[in-house]
Amino acid sequence: MGPGDQSLEKAADHLRSQTRTTGGTSVAIFKGFRNVEEHRLQLWHKSGGGGREVARQRSEMVDVLFRELFTAVIQEVAPKGLPEPLAVAAFGGYGRRELAPMSDIDIIFLHPKASCPKPTEDAIRQILMALWDMGFKVGHATRSISGAIKQANADFVTKTAMLETRFLAGTREIFTEFRERFTDECVRGREAAYIEWRLANQEELHAKYGGTVFMQEPHIKNGVGSLRDYQNLLWIAYFKVGVATLPKLVEKKFLRESERRTLEKSYDFLMRVRAEMQYIGGRASDTLTLQLQGKVATALGYPQKHILRRVEVFMREFYTNAREIQLLTSAVIERLGITPEKPKRGLLGFLKPKVERFDGFHSRGGRLYLESRETFAADEFRIIRAFHHAQVRQLDLSGELRDAIRRKLPVINRTFQYARASRETFLAILSRKGEVGRILREMHDLGFLGRYVPEFGELTCLVQHEFYHRYTADEHTLVCVQKLDGILFSDEVRFRGYRALFQRLEDPAMLYLAILLHDTGKAA
């Protein structure tokens with residue numbers, strides 16, 4: 001038990017003493033308890049408390065308050081007890097014990113039969129009114145166990161929320177029955193449908209909030225590399241292999257211990273940033289706007305004297321952590337065997353055999369794999385040739401190949417950079433009109449491009465302080481390359497002249513290289 005837990009326990013004892021003395025449901029007492037504890041938590045946050053730990057403490061503070069309120073209301077409404085058992089559970093972020101400063105308190109009242117007796121309805125109404133009077137925003141539902149199960153199976157969003165229910169107060173047997181039935185009737189036999197929806201929902205949210213980690217104003221809850229990506233991994237893992245924590249994924253060999261630490265650290269950073277955003281705004285807000293960035297950077301103690309430099313350092317750290325979440329969660333989902341095999345692009349999918357072996361690699365199901373663990377040890381230049389093979393054969397890199405490339409990044413030194421073999425392969429990649437952007441982005445995501453072209457590496461996560469740029473400098477450059485790719489296939493009237501010029505260009509490598517390096521001066 002840490003200092004925060006000890007302080008909460010003392011405050012909880014004081015609250016119990018007050019409610020026993022006054023006999024009940026005085027909103028002023030509960031409100032005073034909440035105000036004192038919220039102030040303590042804010043001070044803890046300001047002094048450097050971890051994002052998840054402070055959120056956990058806030059959840060437990062609300063637990064204490066709610067349980068005392070529940071007991072007091074039941075004693076007042078039904079001194080001899082309710083006519084039927086009632087259980088109350090937390091769900092959503094509150095159920096996960098990750099309550100941000102301005103987040104809703106999501107609770108569900110569970111009862112055994114189709115309808116609630118009047119004393120139970122009165123108790124629920126009085127509890128909700130008291131919470132509202134204390135200033136909480138409450139998301140709530142009252143359901144029979146069967147009704148809750150039916151609702152969960154009718155709506156995937158509700159199913160996800162109920163997946164994280166946690167007992168708060170009342171009759172525990174009712175909650176236990178609900179959890180057992182939820183597992184039997186909402187999870188078992190329905191795994192594939194949930195995972196399919198979960199992946200589609202994630203893709204939809206990513207598209208809605210910009211499609212990249214490197215938005216100038218990122219959405220910290222639902223964007224690419226956001227808190228939701230981390231949570232999605234755990235929800236998917238639960239439906240796929242029955243575990244919902246990172247340590248359990250490590251035990252099952254889907255995640256390395258070093259990756260777990262990185263994911264936990266990055267998630268904690270985003271939680272801390274989100275808390276500061278809400279403290280500053282005084283409301284639930286999840287878009288890290290240009291106006292907020294300077295305020296958050298200052299509040300979190302970034303020491304740079306000039307505000308633009310302070311924002312740049314803060315946002316670079318933000319993007320770095322979000323990118324870690326994006327890349328690692330995607331990798332683990334693939335290791336879980338969830339990502340469907342992708343067909344080869346274009347006619348090659350029909351002309352090539354199912355398995356093709358070449359240069360220490362083999363292709364299968366639209367992906368490129370290492371032929372053996374010695375592939376790179378035998379020839380380190382196969383690292384860059386892997387990208388070229390993927391480009392020429394229109395393949396995606398497999399998860400194991402991505403992992404192997406990341407582990408071999410230290411070999412990308414000056415000798416590698418200036419070697420004729422790597423130079424010729426890189427120019428060959430840049431010479432394939434209309435096919436360059438995807439491969440450069442893959443190189444960048446794996447950390448290869450910034451090492452091979454250090455001038456571009458300096459642009460990684462670099463904030464651009466102009467309102468007309470939507471992305472960081474590296475993302476802006478990659479989008480430009482992909483726009484050039486698109487001109488080759490565009491039927492738009494405005495691009496016809498450019499398309500004709502591009503088609504006549506014999507060697508596009510220098511044009512692609514110029515675009516790749518066009519913003520490198522910004523890193524100086």
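Here is a yes/no grid of residues against (1) open to solvent by 20 Å² or more (accessible area, probe 1.4 Å); (2) touching a residue at least 60 places away in the same chain (Cβ under 8 Å):
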position: 204; (1), (2): yes, no
position: 219; (1), (2): yes, yes
position: 223; (1), (2): no, yes
position: 230; (1), (2): no, yes
position: 256; (1), (2): yes, no
position: 277; (1), (2): no, no
position: 280; (1), (2): yes, no
position: 284; (1), (2): yes, yes
position: 312; (1), (2): yes, yes
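Say whether the condition of being open to solvent by 20 Å² or more (accessible area, probe 1.4 Å), assigned to a helix (DSSP H, G or I) and hydroxyl-bearing (Ser, Thr, Tyr) is met by at least one residue in region 84-105.
no
Quick one: which of 478, 462 is closer than 30 Å to residue 297 by Cβ, among the aliphatic types (A, V, I, L, M) and in a loop (DSSP other than H, G, I, E, B)?
Every option except 462 fails the conditions.
Within the group 488, 505, 478, 516, which residue is over 17 Å from residue 450 (Cα atoms), in contact (Cβ under 8 Å) with a residue 24 or more places away in the chain and within 36 Å of the chain's Cα centre (by Cα)?
Selected residue: 488, the only one of 488, 505, 478, 516 that is over 17 Å from residue 450 (Cα atoms), in contact (Cβ under 8 Å) with a residue 24 or more places away in the chain and within 36 Å of the chain's Cα centre (by Cα).
Has region 55-65 got at least one residue that is assigned to a loop (DSSP other than H, G, I, E, B), touching a residue at least 60 places away in the same chain (Cβ under 8 Å) and touching an Asp or Glu at 6+ places or on another chain (Cβ under 6 Å)?
No: region 55-65 contains no residue that is assigned to a loop (DSSP other than H, G, I, E, B), touching a residue at least 60 places away in the same chain (Cβ under 8 Å) and touching an Asp or Glu at 6+ places or on another chain (Cβ under 6 Å).
Collect the residues in region 276-295 that are in contact with a strand residue (DSSP E or B) (Cβ under 9 Å, 6 or more places away or on another chain), over 20 Å from residue 44 (Cβ atoms) and of a type outside the set (Ser, Thr, Tyr), keeping them in residue-number order.
Correct list: 286, 288.
Give just the number: which of (1) assigned to a helix (DSSP H, G or I); (2) touching a Gly at 6+ places or on another chain (Cβ under 9 Å); (3) open to solvent by 10 Å² or more (accessible area, probe 1.4 Å) does residue 212 not satisfy?
Every condition holds for residue 212 apart from (1).
Yes or no: region 349-372 includes at least one residue that is surrounded by fewer than 18 Cβ atoms within 10 Å (Cβ to Cβ), under 30 Å from residue 193 (Cβ atoms), under 32 Å from the mean Cα position of the chain (by Cα) and modelled with pLDDT under 85.
no
Do we have residue 32 as without any contact (Cβ under 8 Å) to a residue 12 or more places away in the chain and in a loop (DSSP other than H, G, I, E, B) here?
no
Residues in region 384-404: is at least one in contact with a Pro (Cβ under 8 Å, 6 or more places away or on another chain), under 29 Å from residue 505 (Cα atoms) and part of a helix (DSSP H, G or I)?
Within region 384-404, not a single residue is in contact with a Pro (Cβ under 8 Å, 6 or more places away or on another chain), under 29 Å from residue 505 (Cα atoms) and part of a helix (DSSP H, G or I).
The values are calculated or read from the model by the stated rules, or taken from the named source; none is laboratory data. Values in this document were obtained by computation on a predicted structure and should not be read as measured data. Using ideal geometry, Cβ is built from the backbone for each residue, glycine included, and neighbour counts are taken over all protein chains shown. With ligands, DNA and RNA removed, areas are computed over all heavy atoms of the protein, side chains included. Shrake-Rupley method; radii C 1.70, N 1.55, O 1.52, S 1.80 Å.
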